[in-house]
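**Student:** First the structure, then my questions, so here it is.
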Ligand code: NAP
């Protein structure tokens, strides 16, 4: 599909893209840039690309497609670094879990002759780094694109085809809508997991060791999410502040209602709510976004 693709950042998502691009023959040349020499050397040892450089500007030279796979908090800095070296007509995209902030960080810093089409694959695991990627990560998962209304139609259509060839289904929406939807489906669940595991880690030493011993009773499923990369998630909350606070407000109200139901012994309320939530789980399995097996398909768990 492309003569040259540049991957800026080569962690879980960048390396998974490299694997799938090579499997599907989507790029003649894959050029890789990372912040540290250590990660770059690892990517080279794993054979993830054809060119390796610490200089993101050098990596994007002559690239038809540039995919920024770094934490969202550094998108402005990346845009400024690559801007002078971008080829006219290049498609610039990203994979960040937040979209409105990425647009405001990147759009003003890119030249007018390139096409910015922000993206977010709704696929991931709690692992990081170039060793953690695998070619099937995006299979049967959604990828959301959030172009501006003025963005070149051909560029959007080409990027859509690219993600479809990576195994994903593509949906297009506004950046703001994306951020609200992801605040409830991804950001709030991560916040709750970080909070529960944080509460447990603050317990007295003897109680804490029992929490770990008896974790199969529910706690361990939160620990998987709470093991996600701290830099990535710090940036997500700092860059999707408004939507997260809005959803968190609703969550807190619902939590207070639950608290009252327990205090008042309102079993009917609890039973009705837990039946409703079970139906949501069933519909997720029905549309193939998770499996029924008891480990929740943990290996290919969702972002
Ligand atoms: P990762 O495994 O931690 O890899 C991050 C990469 O970005 C590394 O190559 C790192 O380089 C590089 N990087 C970090 N800071 C940088 C900086 N200041 N300048 C240049 N490069 C920098 O992360 P990931 O899980 O692939 O996530 C990447 C993006 O994908 C994030 O924006 C995240 O929101 C999004 N995303 C993640 C998931 C998920 O489940 N993980 C799912 C969907 C979308 P060094 O190692 O050399 O420091």
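**Student:** Take residue 275 and decide whether it is assigned to a helix (DSSP H, G or I) and over 18 Å from residue 188 (Cβ atoms).
**Tutor:** Yes, satisfied.
**Student:** Please work out which one of (1) under 30 Å from residue 103 (Cβ atoms); (2) more than 16 Å from the ligand (Cβ to nearest atom) is the condition residue 217 fails and give its number.
**Tutor:** Against the list (1) under 30 Å from residue 103 (Cβ atoms); (2) more than 16 Å from the ligand (Cβ to nearest atom), residue 217 comes up short only on (1).
**Student:** Mind listing whichever residues of the range 196-214 are assigned to a helix (DSSP H, G or I) and farther than 12 Å from residue 226 by Cβ?
**Tutor:** 205, 206, 207, 208, 209, 210, 211, 212, 213
**Student:** Out of everything in the range 101-151 that is part of a helix (DSSP H, G or I) and within 13 Å of the ligand (Cβ to nearest atom), what residue ends up being surrounded by the fewest Cβ atoms within 10 Å (Cβ to Cβ)?
**Tutor:** Looking at the filtered set, the residue picked out is 131.
**Student:** Going residue by residue through the range 215-224, is there one that turns out to be in a helix (DSSP H, G or I), loosely packed, with under 14 Cβ neighbours inside 10 Å and at pLDDT 95 or above?
**Tutor:** The answer is no; no qualifying residue exists.
**Student:** Could you grab the pairs with beta carbons closer than 7 Å, sequence gap of 6+ or different chains, first residue in the range 241-268 and free of Cβ contacts under 8 Å to residues at least 40 places away in the same chain, second one assigned to a helix (DSSP H, G or I)?
**Tutor:** That search, which allows pairs on different chains as well, returns 261/269; 261/270.
**Student:** Could you run through the range 35-61 and say how many residues are in contact with a strand residue (DSSP E or B) (Cβ under 8 Å, 6 or more places away or on another chain) and either surrounded by 21 or more Cβ atoms within 10 Å (Cβ to Cβ) or touching a residue at least 60 places away in the same chain (Cβ under 8 Å) (or both)?
**Tutor:** Selection size over the range 35-61: 6.
**Student:** Would you say residue 210 is farther than 24 Å from residue 183 by Cβ and surrounded by fewer than 15 Cβ atoms within 10 Å (Cβ to Cβ)?
**Tutor:** yes
**Student:** Give the residues of the range 162-184 that are touching a residue at least 60 places away in the same chain (Cβ under 8 Å) and either assigned to a helix (DSSP H, G or I) or not assigned by TED's automatic domain parsing to the domain that holds residue 93 (or both), sorted by residue number.
**Tutor:** 162, 165, 175, 176, 178, 179, 180, 182, 183, 184
The values are calculated or read from the model by the stated rules, or taken from the named source; none is laboratory data. Just so it is clear, the structure is predicted and the values come from calculations on it, not from any experiment. Neighbour counts are summed over all protein chains in view; Cβ atoms, including those assigned to glycine, are modelled from backbone coordinates with ideal geometry.
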